[in-house]
Amino acid sequence: ARLVVLISGSGSNLAALLEACADPGYGATVVAVGADRDGIAGLDRATAAGLPTFVERVKDHPSREAWDAALTQHVAEHKPDLVISAGFLKLVGDRFLAAFGDRYLNTHNALLPAFPGIHGPRDALAYGVKLAGATLFFVDAGVDTGPIVAQTAVPVLDDDTEDTLTERIKVAERRQLVDTVGRLVREGWTITGRKVTIP
Ligand code: GRF
């Protein structure tokens, strides 16, 4: 299966996927990496792995719709079976969702529907929950609202800071991403309403 991975940051989730894909039995290959900004470590990782990369910045387009169309076009060129947002910090638009909506995964660093948005660990800590974690879901038109594929919980410890909790979540998040993407590509999936089933 062909994976296109979208990133905005360090790309540690991307690195975990690349490592998994090195095993032919895993069943997937990362064929391209896209970003919404330059100068991020994740793009360097992709280049070092010999992968094609592309960058589409919103500010280089006359409108958000034009950006969405350009991003859709770039991703489509690589004919992905799955598109994975791994720390990609942009909400895609209608065009993108029409093309990839049933196969566009996002990994989020909180147990949805609690703590959507970009500060999952910080918000979980501020609320005082005792369990935090990561959620893998198919993206829909909302913000962190799509059908959930997998969740992994980690404890919140008394002496946690935002950094220590974020790091504990990221370890679980990477394992969940690699394990679940592997199952999806090898076994397929169906989405019925909000229910995702891997046969
Ligand atoms: C992930 O924890 C994701 O949930 C959050 O940003 C992080 C991406 O990290 N939105 P990386 O770029 O894969 O290292």
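Throughout, read-outs are computed from the coordinates displayed, never taken from laboratory work. None of the values given here were measured: they were computed from a predicted structure. Positions of Cβ are backbone-derived with ideal geometry, glycine not excepted, and every protein chain shown enters the neighbour counts.
Values computed for the structure shown
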| read-out | value |
| --- | --- |
| Sequence-distant lysines (8 or more away, or on other chains) whose Cα lies within less than 20 Å of LYS170 | LYS90, LYS130 |
| For peptides 93-101, 56-64, sequence by mean Cβ density within 10 Å, most packed first | 93-101, 56-64 |
| Dimensions (Å) - region 77-158, Cα atoms, principal axes, largest first | 48, 19, 18 |
| For region 157-199 and region 63-125, distance of Cα centres in Å | 15 Å |
| For region 2-197, average projected area of the Cα convex hull in nm² | 10.9 nm² |
| Residue order, fewest to most beta carbons within 10 Å, for TYR127, TYR104 | TYR127, TYR104 |
| Cα convex hull of region 43-120 - mean projected area over all directions, nm² | 6.2 nm² |
| Burial ranking of peptide ranges 114-125, 153-164 (average Cβ count within 10 Å, highest at the top) | 114-125, 153-164 |
| Two-site label geometry, ASP38 and THR192: point separation in nm, points 7 Å out along Cα→Cβ | 5.0 nm |
| Within region 43-199: Cβ-based charge dipole about Cα centre, in debye rounded to nearest 20 (Lys, Arg +1; Asp, Glu -1) | 340 debye |
| Which of PHE137, PHE54 has the fewest Cβ neighbours within 10 Å, and the rest in rising order | PHE54, PHE137 |
| Protection-proxy order for peptides 27-33, 11-17, each taking the mean of Cβ atoms within 10 Å per residue, highest first | 11-17, 27-33 |
| Order of HIS78, HIS108 under a 10 Å beta carbon neighbour criterion, fewest first | HIS78, HIS108 |
